[in-house]
Amino acid sequence: MEESIELGNYLPLSFKTPKEQEYIAFLWDAFDSNYSKGNYQFAFLAYHMLTMSFVYFNIWQIRQARKGDFEKALIGFGKDVEKSLLGATSPFAFSSVNERSILRLLKLINCDNSKIGTYAKLVDDRNETAHSNGNIFFSTQAALDTKITEILRVVDEIQTYSKPRSLRIPIVSFCFRATTQRNANILIPSTKFARF
């Protein structure tokens, strides 16, 4: 499905380490090979991991741009988790937290509970497919293509929420210069946000 590659528009163009680049490339390869072989359930798992990578990179940018708010948002996480997230040196450090819980940090960009609940449904879908339960939820290309369309809608929505209202540009664009000086984990907003 050609639409699936649109997720790449929301992922960084460059990475802090070659290992991060290798990981993303591995996930794309896993998605492509499983999709082309008709192993749609496994293709979904790889695509979900790419989607969560987008979420981690987005939260990483929020953390960089709004450090004080990020620190306050960690209230409710355990002390060890809080320390780990504050000291993180890679967006992938967020993977140590339950995916449903990490999505709650999107409240920092004004996603309300109902939106976060919708996003968490994608985690629930992944959980159902990743367990040995005797079900093949994505047995056809059409079923996976429908799910990919839903995922891309969610990703685009999260990206839209990252736009500060006062600036009318995505948070990732707002902190682009500062971040390029600090590290290479850069999210480039899709071209639809370039039109102001």
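Observations on the model:
- If R0 equals 25 Å, the separation of the Cβ atoms of Ile5 and Ile136 corresponds to a calculated FRET efficiency of about 0.55.
- Calculated FRET value between Lys107 and Glu128, using beta carbons and R₀ = 25 Å, to 0.05: 0.50
- Its residue count N sets the reference 2.2 N^0.38 Å, and the alpha-carbon radius of gyration of the stretch 1-46 equals 1.20 times that reference.
- For the residue pairs Lys115/Lys163; Lys19/Lys107; Lys115/Lys147; Lys83/Lys163, alpha carbon separations beyond 19 Å are given by Lys19/Lys107; Lys83/Lys163.
- J(HN,Hα) series, the stretch 119-134, from Karplus relation 6.51 cos²θ - 1.76 cosθ + 1.60, nearest Hz, glycine and proline x: 5, 5, 4, 5, 5, 4, 4, 4, 4, 5, 7, 8, 9, 6, 10, x
- Estimated translational D of the stretch 13-99 in µm²/s (Stokes, Kirkwood radius over Cα pairs; 10 °C; 1.306 mPa s): 111 µm²/s
- Each distinct pair of alpha carbons in the stretch 20-179 adds a 1/r term; the inverse of their mean, the Kirkwood radius, is 16.8 Å.
Values quoted throughout were computed directly from the atomic coordinates according to the rules given, and no laboratory measurement underlies them. Keep in mind the model is a prediction, meaning the values are calculated, not measured. Glycine also receives a Cβ, built like all others from the backbone with ideal geometry; neighbour counts cover every protein chain displayed.
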